[in-house]
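A.B. asks: Starting off with a structure, shown below.
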């Protein structure tokens, strides 16, 4: 039953041999790696608008300048990553680059930043997608949390089935978005040639605040979320068809140009037309409505915005589990994250990502604007570490032209560091502090996990004093009995098969029961001793543990008695509620009572199956 | 640590020998058994008022008549129970009386009704108590759910500590309530002699509905909750000092008279003064305010109303666990409910009661009025079954005067049956249907549990074909290994101590690992065979289960191989998250995979303790 549901949902298990090494051509690679980058204009433009609109027309007049500044930053970052692609053809994620060039600790910081980032990318993309479609269909807005979670579940299931199946599907939203959006921008420019420009003085609401330098920096910081996803291609170089490096770099170039056109284009047109969005609409929706009118093209733009944002959330489902599995293989994360699941994907990482993103969506009530302050810190921290690592990389390698290359990455590092500081400080109180707090906690967690694994492997190692390989002496066996019944008979038959030294023990709760039990026992097993231990406080576990300690002390033969536990297994799960679970509790008590002796107490379960 | 908190909260364990048989004199018995009965005027008056006020002055004019009708019903029920006390000096709860005289099924129906009742008594008393104190301090009303839960936790902990300790404490609220309340009524009567009567025409809000027969019956039905708790003394006859029957009957008489005075007195004064309560005040509070003014006496009355209601909730903590333990001993309820806990009380029953009452309080948002429709059905069903049982009892016994005695109980049975029908029908849509639905479900549950226990004891019985007492042949042992480490070495030493036939099995997930493992294994254990089983789908559990089936089939020696599981026990609980729990999952799979063969597969746990 359970299996049927699972097979229907995520498909039957796949054999390891199907782990094929499929390569992407440039067209499909762009679809696979760019959605996060391309779609980030949806929330970046919105944040710039929200940051400036409080200062009315005077504030909104800055949006074009901020757009150009971010466009320049995009160029710097893209060029920097182009160099990373050349240096790390096997995939230069920030974690790898930082770890190799800056050392373990910076690697872990980059990893923490990236993991946080992936979670936020999923959450922000989904809520922004729902905001886009709710702009077109305002009734959906009250269901935004449920809708975001619905899309989250959808992409989680798709990813658990295996990415390959969803690979082709992703091309449709990406190219559909590009076609409709570029068409809209072109149409907007042409239209602009025939109509005059608008003025924010006519459209903007009254200013509630004055324009300040902080406000402009704040809006710039929020708009920097437009750059999220630029690094995706450099992480995935090995997925490209040969020649990988060149194809990856070409794709990066195309992507950066498209990003620039989309971002600067839409922000310029917004300013030209002096478009302002009411409270329940996104600024991009207002722009599209202004250019296209409220017809089918407008609805198509909004729908494809939703779709590309869903696909953008999907890219986290490639990045997060892969990074988590690398961390797990390095011993910094729970080992389970490195296991390939039934469908040859890192299922545990995907479920973890989905859970964390879902929690964020619920906690922040599906509100993109509330999530954004947490977002950019991780991104720019990872950028900075990656670029700084590249500077060190070139200085170490000293290949031809290393000075120029260092300089390029150095400019990238400084630019992203400055942005990081602007973002961190201007957004600190609004939520960036959470990430600033979280990163050292994550780094500490990684470190603790690594230490645990190291210590375990030391303790398990066969090196050093070779442990005795001789068999242990025949065990003494203790059999706790609650009465004389078939379960006990079977257990005793087993006990006598493995040991000549079997003792039964009975815990007497009501005075007098012990004698009755002793008499009955003697009739069946005159040659197996039954010890009756009183339990004045009516506990079962305590007296048995005490008896075991005592008998071990008495025999003093270098071993701990094995405990045989007959255990009923009812036919139906609910019947467990009707039994005392004493065997189970005793087992837990025996396993979790640590002994300093280094000797082993075996616990032997004899399941007895009840039929009805 | 855990133990310290528990000892501080509920005290250290008590030895069974302290289970003393303390007897109560009449004064303390009244305090112990009457709170539920006496305090029920708090919600009964309130319900009559709420039922009639919708019809304004014309409606409220009926309250006096309803009060007298309920007073008469009280007299009938009290006389009936006086007879029960004589016939069942060992405690004649409705369950016992119905089971003995009407048979198993009616006994189970009575038990279901009573259990529901106890849960509702706790919930209703607490919410009514909080309503009483919120009438005096209106700010508390918004915290009613939390306050009710607070008092629930308080009495739960007090009861888990052992009732004896709280026995004396209970006298204070009960006698304090009686003193203040009787004083208030007397003062009200005297004051009435000097002032004229009021008129509802002046005070009552405008009628929104006409007076109908249904409305009056409805108010009567709600007011019948005043009778809850009358049966408490007849359940507890053995707790009285000798002569038990006479003392119990005297106490019942006093209690019934007090109930009558409180109930009829307060309802008459309410009508005489034409007191009406605003929405956020109880009618009893309004009456007390009218008679006493808003001074210290008023606050004392409200405080003692709260306290006696808390103590009334407390009586459920005696009744519910006791009835549950009787049911458990009869095999109708989970056995755990019959265990005396550390403090010599039926702790499991108390926790169950507290949990259920707490859920009701939360679900019904701490609103007494919403809970009441569920309440009276159970009470009057139990009354009816108990009285009917007594009729049969007298007819069977045929002692002197059996005709009169039958008649008295017969009148009681008919009166309570009629009330039951009135209550059930008039309150059906408001919530009584829940109880009408629940009772057959509970009866079915009791029956199913009994059947399960009967079947288990049949399966375990040594009667019939005597099972073989010969020891089993020496076991074959299979040891799943994940690698060569100290845990495996220890496990193998144990395996070799109990068997000459040990096989190790290794699940190969990545092709090639098997060969490496085989080579290493041969170096250490050339004489123990290691079987490598491939796992194309990367599962660990499945291939091991398959291997076990196969090896059992091959050997065909009438036994199933024992499975030895080395299990790491980390030093800290959180470290469990860092390990795969394969041993644990394998154990579950082995235990819960049912085999039809009747043969036993032993599962041997070898815990290995990690130090850090």
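A.B. asks: Restrict the check to region B:307-317 and report whether at least one residue is surrounded by 23 or more Cβ atoms within 10 Å (Cβ to Cβ), closer than 25 Å to residue B:80 by Cβ, within 14 Å of chain A (Cβ to nearest Cβ) and in contact (Cβ under 8 Å) with a residue 40 or more places away in the chain.
C.D. replies: No, there is no match, as no residue in region B:307-317 is surrounded by 23 or more Cβ atoms within 10 Å (Cβ to Cβ), closer than 25 Å to residue B:80 by Cβ, within 14 Å of chain A (Cβ to nearest Cβ) and in contact (Cβ under 8 Å) with a residue 40 or more places away in the chain.
A.B. asks: Something else about it: Could you tell me whether residue B:331 is more than 14 Å from every other protein chain (Cβ to nearest Cβ) and either outside any helix (DSSP H, G or I) or within 15 Å of the chain's Cα centre (by Cα) (or both)? Steps first, please.
C.D. replies: Numbers: more than 14 Å from every other protein chain (Cβ to nearest Cβ): no; either outside any helix (DSSP H, G or I) or within 15 Å of the chain's Cα centre (by Cα) (or both): yes.
Taking the combined requirement at face value, the residue does not satisfy it.
A.B. asks: Given the criteria at pLDDT 90 or above, assigned by TED's automatic domain parsing to the domain that holds residue B:409 and crowded, with 20+ Cβ neighbours inside 10 Å, does residue B:234 qualify?
C.D. replies: no
A.B. asks: Restricting attention to region B:328-342, which residues are farther than 15 Å from residue A:579 by Cα and touching a helix residue (DSSP H, G or I) at 6+ places or on another chain (Cβ under 6 Å)?
C.D. replies: The one that is farther than 15 Å from residue A:579 by Cα and touching a helix residue (DSSP H, G or I) at 6+ places or on another chain (Cβ under 6 Å): B:341.
Each row is one residue, and each column tells you yes or no for (1) in a strand (DSSP E or B); (2) within 8 Å of another protein chain (Cβ to nearest Cβ); (3) modelled with pLDDT under 85.
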{"residue": "A:463", "(1), (2), (3)": "no, no, yes"}
{"residue": "A:467", "(1), (2), (3)": "no, yes, yes"}
{"residue": "A:470", "(1), (2), (3)": "no, yes, yes"}
{"residue": "A:490", "(1), (2), (3)": "no, yes, no"}
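A.B. asks: Before we move on, is residue A:511 touching a residue at least 12 places away in the same chain (Cβ under 8 Å), assigned to a loop (DSSP other than H, G, I, E, B), under 30 Å from residue B:610 (Cα atoms) and in contact with a strand residue (DSSP E or B) (Cβ under 8 Å, 6 or more places away or on another chain)?
C.D. replies: Considered against the rule, which asks whether it is touching a residue at least 12 places away in the same chain (Cβ under 8 Å), assigned to a loop (DSSP other than H, G, I, E, B), under 30 Å from residue B:610 (Cα atoms) and in contact with a strand residue (DSSP E or B) (Cβ under 8 Å, 6 or more places away or on another chain), residue A:511 comes out as no.
A.B. asks: If a residue must be within 19 Å of residue B:563 (Cα to Cα) and facing chain B (nearest Cβ under 8 Å), how many such residues does region A:474-486 contain?
C.D. replies: 2
A.B. asks: Sort out which residues of region A:555-572 are outside any strand (DSSP E or B) and touching a residue at least 60 places away in the same chain (Cβ under 8 Å), and write them in order of number. Break it down stepwise before answering.
C.D. replies: So in region A:555-572, the residues outside any strand (DSSP E or B) come out as A:555-561, A:570-572.
Scanning region A:555-572 gives A:555, A:557, A:558, A:559, A:561.
A.B. asks: To continue, here is another question. Which is farther than 18 Å from residue B:104 by Cα, out of contact with any helix residue (DSSP H, G or I) (no Cβ under 7 Å at 6 or more places or on another chain) and within 14 Å of another protein chain (Cβ to nearest Cβ), of B:418, B:456, B:414? First the steps, then the outcome.
C.D. replies: On the way: B:418 fails: within 14 Å of another protein chain (Cβ to nearest Cβ); B:414 fails: within 14 Å of another protein chain (Cβ to nearest Cβ).
Of B:418, B:456, B:414, the one residue that is farther than 18 Å from residue B:104 by Cα, out of contact with any helix residue (DSSP H, G or I) (no Cβ under 7 Å at 6 or more places or on another chain) and within 14 Å of another protein chain (Cβ to nearest Cβ) is B:456.
A.B. asks: Here is a list of conditions, (1) under 22 Å from residue A:471 (Cα atoms); (2) in a helix (DSSP H, G or I), and residue B:550 meets all of them except one; can you say which number that is?
C.D. replies: Only one criterion in (1) under 22 Å from residue A:471 (Cα atoms); (2) in a helix (DSSP H, G or I) is unmet by residue B:550, namely (1).
A.B. asks: Another one. Could you tell me whether residue A:53 is in the same structural domain as residue A:241 (by TED's automatic domain parsing), touching a residue at least 24 places away in the same chain (Cβ under 8 Å) and exposed (fewer than 15 other Cβ atoms within 10 Å of the Cβ)? Don't jump to the end; show me each part of the working.
C.D. replies: Working: in the same structural domain as residue A:241 (by TED's automatic domain parsing): yes; touching a residue at least 24 places away in the same chain (Cβ under 8 Å): yes; exposed (fewer than 15 other Cβ atoms within 10 Å of the Cβ): no.
So residue A:53 fails the test.
A.B. asks: Mind counting the residues in region A:436-452 that are surrounded by fewer than 19 Cβ atoms within 10 Å (Cβ to Cβ) and facing another protein chain (nearest Cβ under 7 Å)?
C.D. replies: So the answer is 0.
A.B. asks: Just to be sure, is residue B:234 part of a helix (DSSP H, G or I), over 24 Å from residue B:301 (Cβ atoms) and out of contact with any strand residue (DSSP E or B) (no Cβ under 9 Å at 6 or more places or on another chain)? Give the derivation first.
C.D. replies: Working: part of a helix (DSSP H, G or I): yes; over 24 Å from residue B:301 (Cβ atoms): yes; out of contact with any strand residue (DSSP E or B) (no Cβ under 9 Å at 6 or more places or on another chain): yes.
Judged against the criteria, residue B:234 is a match.
A.B. asks: Can you find, within region B:514-537, the residue that is modelled with the highest pLDDT among those that are under 20 Å from residue B:590 (Cβ atoms) and assigned to a loop (DSSP other than H, G, I, E, B)?
C.D. replies: B:535
A.B. asks: Working only within region B:541-577, note down all residues that are on the phi < 0 side of the Ramachandran plot, within 13 Å of another protein chain (Cβ to nearest Cβ) and surrounded by fewer than 19 Cβ atoms within 10 Å (Cβ to Cβ).
C.D. replies: Let us first name the residues in region B:541-577 that are on the phi < 0 side of the Ramachandran plot, namely B:541-555, B:557, B:559-577.
Next, from what is left, pick out any that are within 13 Å of another protein chain (Cβ to nearest Cβ): B:541-543, B:557, B:559-577.
Residues satisfying the conditions are B:541, B:542, B:557, B:569, B:570, B:571, B:572, B:573, B:574, B:576, B:577.
A.B. asks: Would you call residue B:497 assigned to a helix (DSSP H, G or I), without any contact (Cβ under 8 Å) to a residue 12 or more places away in the chain and within 12 Å of chain A (Cβ to nearest Cβ)? It would help to see each step written out before you state the result.
C.D. replies: Working: assigned to a helix (DSSP H, G or I): yes; without any contact (Cβ under 8 Å) to a residue 12 or more places away in the chain: yes; within 12 Å of chain A (Cβ to nearest Cβ): yes.
Yes: the conditions hold for residue B:497.
A.B. asks: Separate question: Only one residue in B:361, B:372, B:351 is surrounded by fewer than 23 Cβ atoms within 10 Å (Cβ to Cβ), in contact (Cβ under 8 Å) with a residue 40 or more places away in the chain, touching a helix residue (DSSP H, G or I) at 6+ places or on another chain (Cβ under 8 Å) and assigned by TED's automatic domain parsing to the domain that holds residue B:415, so which one is that?
C.D. replies: Working: B:361 fails: surrounded by fewer than 23 Cβ atoms within 10 Å (Cβ to Cβ); B:372 fails: surrounded by fewer than 23 Cβ atoms within 10 Å (Cβ to Cβ).
Within the list B:361, B:372, B:351, the selection yields B:351.
A.B. asks: Among what's in region B:585-612 and is out of contact with any strand residue (DSSP E or B) (no Cβ under 9 Å at 6 or more places or on another chain) and at the interface with another protein chain (Cβ under 8 Å from one of its Cβ atoms), pick the residue that is modelled with the highest pLDDT.
C.D. replies: Among those residues, the one meeting the criterion is B:611.
The values are calculated or read from the model by the stated rules, or taken from the named source; none is laboratory data. What you see is a predicted model, and the numbers here were worked out from it, not measured in a lab. Because the Cβ atoms are built from the backbone with ideal geometry, glycine has one as well, and the counts that use them run over all protein chains shown.
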